[in-house]
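The numbers here are math on the coordinates, done by the rules we state, and not lab data. Because the structure is predicted, anything quoted here is derived from the model rather than measured. Ideal geometry is used to build each Cβ from the backbone, glycine not excepted, and the neighbour counts take in all protein chains shown.
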Ligand SMILES: *Cc1c(COP(=O)(O)O)cnc(C)c1O
């Protein structure tokens with residue numbers, strides 16, 4: 001008995017880590033007056049092998065995310081089709097088509113930081129004949145110089161472009177990464193909440209129907225308490241990232 005239980009635990013440590021994250025996320029949601037189900041936990045598997053992601057899938061998890069196109073297009077086809085994939089972070093326009101072609105079950109792109117990438121995504125959806133794609137506008141809430149994310153002062157403009165000029169995209173919400181080193185402050189989260197209020201007001205979207213993607217391993221509970229509906233958690237589930245060489249993409 002004890003041996004069997006131990007073996008089972010050893011078989012899927014990521015499943016146990018996931019359960020702990022879901023429990024913490026659920027309690028944070030309740031502290032913010034929402035149901036645990038109101039917050040989605042996207043398991044970010046970058047640099048981790050398909051076998052590890054498969055363990056989480058077998059434990060019942062379905063929301064997964066990746067951050068490097070090259071890695072994503074290799075891994076996604078090896079995993080079941082009912083996974084709801086998110087692309088998170090900076091996406092280059094010349095990789096849009098290969099991403100959408102390789103991942104038909106791509107559910108959302110978290111990280112539309114300019115009109116050009118929105119237009120590329122919109123056209124790729126049409127040319128591949130897939131169903132409309134959910135996207136989140138990425139906002140640079142830290143003020144740090146960065147290639148990804150629009151300035152908060154321009155978030156309404158970009159959201160408007162996605163909603164009105166990109167008929168094949170569904171504007172689902174806003175996301176932020178925080179600082180360049182991937183840490184966040186409460187100010188980053190509050191800046192994103194402010195952008196959400198502005199966008200909802202300008203576009204007539206009910207606030208409860210507009211998502212906020214903020215919070216990662218180190219700060220997802222705080223992000224949820226400030227209103228996040230979608231947290232992107234990698235290393236707390238899968239362990240520290242393993243980079244074979246310095247840079248992928
Ligand atoms: C890697 C990554 C995450 C997950 O980061 P952890 O700190 O490991 O949880 C979240 N969001 C984006 C955009 C990422 O690239």
- [ ] Report yes if some residue within segment 174-183 is buried (at least 21 other Cβ atoms within 10 Å of the Cβ), closer than 27 Å to residue 21 by Cα and more than 12 Å from the ligand (Cβ to nearest atom); otherwise report no.
- [x] yes
Task: Only listed residue being away from the ligand (no atom under 13 Å from the Cβ), surrounded by 21 or more Cβ atoms within 10 Å (Cβ to Cβ) and in a helix (DSSP H, G or I), chosen from 75, 97 - done: 75
Open item on the list: Among the listed residues 58, 82, identify the single one that is more than 16 Å from the ligand (Cβ to nearest atom) and either closer than 24 Å to residue 214 by Cα or within 18 Å of the chain's Cα centre (by Cα) (or both).
Closed with: 82
- [ ] Determine which single condition residue 144 fails, assuming it passes every other condition in (1) away from the ligand (no atom under 14 Å from the Cβ); (2) buried (at least 16 other Cβ atoms within 10 Å of the Cβ); (3) under 30 Å from residue 240 (Cα atoms).
- [x] (2)
TODO: Please tell me if residue 87 is without any contact (Cβ under 8 Å) to a residue 60 or more places away in the chain, assigned to a strand (DSSP E or B) and surrounded by 19 or more Cβ atoms within 10 Å (Cβ to Cβ).
DONE: yes
TODO: Kindly indicate whether any position in segment 147-168 is loosely packed, with under 14 Cβ neighbours inside 10 Å, closer than 30 Å to residue 190 by Cβ, touching a residue at least 12 places away in the same chain (Cβ under 8 Å) and within 15 Å of the ligand (Cβ to nearest atom).
DONE: yes
Open item on the list: Going residue by residue through segment 55-72, is there one that turns out to be more than 30 Å from residue 225 (Cα to Cα) and free of Cβ contacts under 8 Å to residues at least 60 places away in the same chain?
Closed with: yes
TODO: Output the residue which, of all residues in segment 124-141 that are more than 16 Å from residue 230 (Cα to Cα) and touching a residue at least 40 places away in the same chain (Cβ under 8 Å), is surrounded by the fewest Cβ atoms within 10 Å (Cβ to Cβ).
DONE: 126
Open item on the list: Among (1) surrounded by fewer than 21 Cβ atoms within 10 Å (Cβ to Cβ); (2) within 19 Å of the chain's Cα centre (by Cα); (3) under 30 Å from residue 207 (Cβ atoms); (4) in contact (Cβ under 8 Å) with a residue 40 or more places away in the chain, there is one condition residue 46 misses while meeting the rest; what is its number?
Closed with: (3)
